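Peer 1: First, the structure itself, so that you have it in front of you.
The values are calculated or read from the model by the stated rules, or taken from the named source; none is laboratory data. The structure presented is a predicted model; accordingly, all values stated were derived computationally and were not measured. Cβ placement follows ideal geometry from the backbone for every residue including glycine, while neighbour counts extend to all protein chains displayed. When the accessible area is computed, the model is the full protein with side chains, heavy atoms only, and any ligands, DNA or RNA have been set aside. Shrake-Rupley method; radii C 1.70, N 1.55, O 1.52, S 1.80 Å.
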Amino acid sequence: MAVSESFSDIECRFVGLTSPTAPRARHGTHPCQGLYWTRRGERPRVAAIATHYNVDFSEHYLAPLFAARGIGFLGWNTRYRGAEDQFILEHALIDIGEGVRWLREKAGVETVVLLGNSGGGSLMAAYQAEASQPTLTAGANEATRRALEALGQGDLYISLNAHKGRPEVLTDWMDASVVDERDPAATDAALNPFNPENGPPYSTDFVSRYRAAQRARNQRITDWAKEELKRLNAAGIPDRVFPLFRVWADLRFMDPALDPSDRPCPGCYAGLPAIANRNPLVIGRANTIRTWLSMWSLETSKCQGTEQLAKLALPALVVQSMGDMGVFPSDARAIFDAVASADKRLEFVPGAHYFEDSDAHRDRAAALMLDWIETKL
């Protein structure tokens, strides 16, 4: 299947697989799905796999660029594509493992590049960490335990415009002035980042108090989640869904002096922060309790970057766009510092989060990654 005139020699094939912990749906959908991009008629020895917590990466913007250079690209989705509210880390890693296995056993790939773009950065790091140093098998049922123990490791790791971790990015973006999770309007004026009396620019004292209040908000939700889960389970109810409001309020969205970069400011991925923060279309907007504890909680989630990156011994490349409005230079430096491997490299490039601002910026970043991969073969 050709994708465009400019990539007329590129083809992609649909890959649908069952998972050891998720069968094919009765109506036919496979839990694991994606598109494998290659040059027409070729079977590359090297391929990347890119996956996100819930975003569909099957048509990832890098796929044809990698394929054009002779490197396969599997844009891979777990069972949680479009289902962020149900995410459980163990099963997502198992689904990624099926994609890695398919590349090696069916596509003939010898070198697998784990490409962690955006939220996928911490997810792919968690995959490699679990594949090399298992920690999630305790208490798992037999099928889950066997599948986790069978995860195949990647050979190279790329962090591209990646958040430090899922709990970290949510907490960094949280509106610390929320005083009642049931009421999206209830606000502590002394912590309101949109109160002109507080800034921008924000004082060092305000930033410190605000960041502490963000962490406290995350912990309050976690404390409630643990108690609520106990209460529900005692009544024979396994879980419930709850909403989350006001999560477009990172101070860096409003104050360009905090974590300086080339980003437009004020701004966030959803537009003007003061408006977006009142809109219910935010990350984590709905969760089951188990999903909160698995993905978003600073206390309980294994989706945090530092813990997993510290287990990565494979060669690693960290690439960060200077025009990104949601990932900042300090985030990239923290990821780079946390990677355990001595063979690692950090690069800053121009462009927005997904390089939607410029094909030239996208092509430059792709060339940087492809050149680095070739030096490692």
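Matching residues to (1) open to solvent by 20 Å² or more (accessible area, probe 1.4 Å); (2) in contact with a Lys or Arg (Cβ under 9 Å, 6 or more places away or on another chain); (3) hydrophobic (A, V, I, L, M, F, W, C); (4) not in a helix (DSSP H, G or I):
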| site | (1), (2), (3), (4) |
| --- | --- |
| Ile158 | no, no, yes, yes |
| Glu168 | yes, no, no, no |
| Thr171 | no, yes, no, no |
| Asp175 | no, yes, no, yes |
| Glu181 | yes, yes, no, yes |
| Asn195 | yes, no, no, yes |
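Peer 1: Select, from Glu98, Glu90, the only residue that is out of contact with any helix residue (DSSP H, G or I) (no Cβ under 8 Å at 6 or more places or on another chain) and either among the small types (Gly, Ala, Ser) or open to solvent by 20 Å² or more (accessible area, probe 1.4 Å) (or both). Steps first, please.
Peer 2: Working: Glu90 fails: out of contact with any helix residue (DSSP H, G or I) (no Cβ under 8 Å at 6 or more places or on another chain).
Answer to the selection: Glu98.
Peer 1: Residues of the range 305-345 being of a type in the set (D, E, K, R), within 16 Å of the chain's Cα centre (by Cα) and at pLDDT 95 or above, which ones?
Peer 2: Of everything in the range 305-345, those that are of a type in the set (D, E, K, R), within 16 Å of the chain's Cα centre (by Cα) and at pLDDT 95 or above turn out to be Asp324, Asp331.
Peer 1: Among the residues of the range 34-45, is any aromatic (Phe, Trp, Tyr), surrounded by 22 or more Cβ atoms within 10 Å (Cβ to Cβ) and in contact with a Phe, Trp or Tyr (Cβ under 9 Å, 6 or more places away or on another chain)?
Peer 2: Step one: of the range 34-45, the residues aromatic (Phe, Trp, Tyr) are 36-37.
Subset that is surrounded by 22 or more Cβ atoms within 10 Å (Cβ to Cβ): 36-37.
Next cut, in contact with a Phe, Trp or Tyr (Cβ under 9 Å, 6 or more places away or on another chain) only: 36-37.
Checked against the condition, which is being aromatic (Phe, Trp, Tyr), surrounded by 22 or more Cβ atoms within 10 Å (Cβ to Cβ) and in contact with a Phe, Trp or Tyr (Cβ under 9 Å, 6 or more places away or on another chain), the range 34-45 yields at least one hit.
Peer 1: Within the range 272-281, does at least one residue satisfy the condition of being free of Cβ contacts under 8 Å to residues at least 12 places away in the same chain, of a type outside the set (Val, Ile, Thr), open to solvent by 10 Å² or more (accessible area, probe 1.4 Å) and closer than 27 Å to Ser321 by Cβ?
Peer 2: Step one: of the range 272-281, the residues free of Cβ contacts under 8 Å to residues at least 12 places away in the same chain are 272, 275, 281.
Narrowing further to those that are of a type outside the set (Val, Ile, Thr): 272, 281.
Those left that are additionally open to solvent by 10 Å² or more (accessible area, probe 1.4 Å): 272, 281.
Filter once more, keeping what is closer than 27 Å to Ser321 by Cβ: 272, 281.
Among the residues of the range 272-281, at least one is free of Cβ contacts under 8 Å to residues at least 12 places away in the same chain, of a type outside the set (Val, Ile, Thr), open to solvent by 10 Å² or more (accessible area, probe 1.4 Å) and closer than 27 Å to Ser321 by Cβ, which makes the answer yes.
Peer 1: Further, regarding this structure: Among the residues of the range 323-337, write down those that are out of contact with any Lys or Arg (no Cβ under 8 Å at 6 or more places or on another chain) and open to solvent by 10 Å² or more (accessible area, probe 1.4 Å).
Peer 2: Hits for the range 323-337 are Ser330, Arg333, Asp337.
Peer 1: Taking Phe245 as meeting all but one of (1) part of a loop (DSSP other than H, G, I, E, B); (2) aromatic (Phe, Trp, Tyr); (3) open to solvent by less than 30 Å² (accessible area, probe 1.4 Å), write down the number of the exception.
Peer 2: Single failed check for Phe245: (3).
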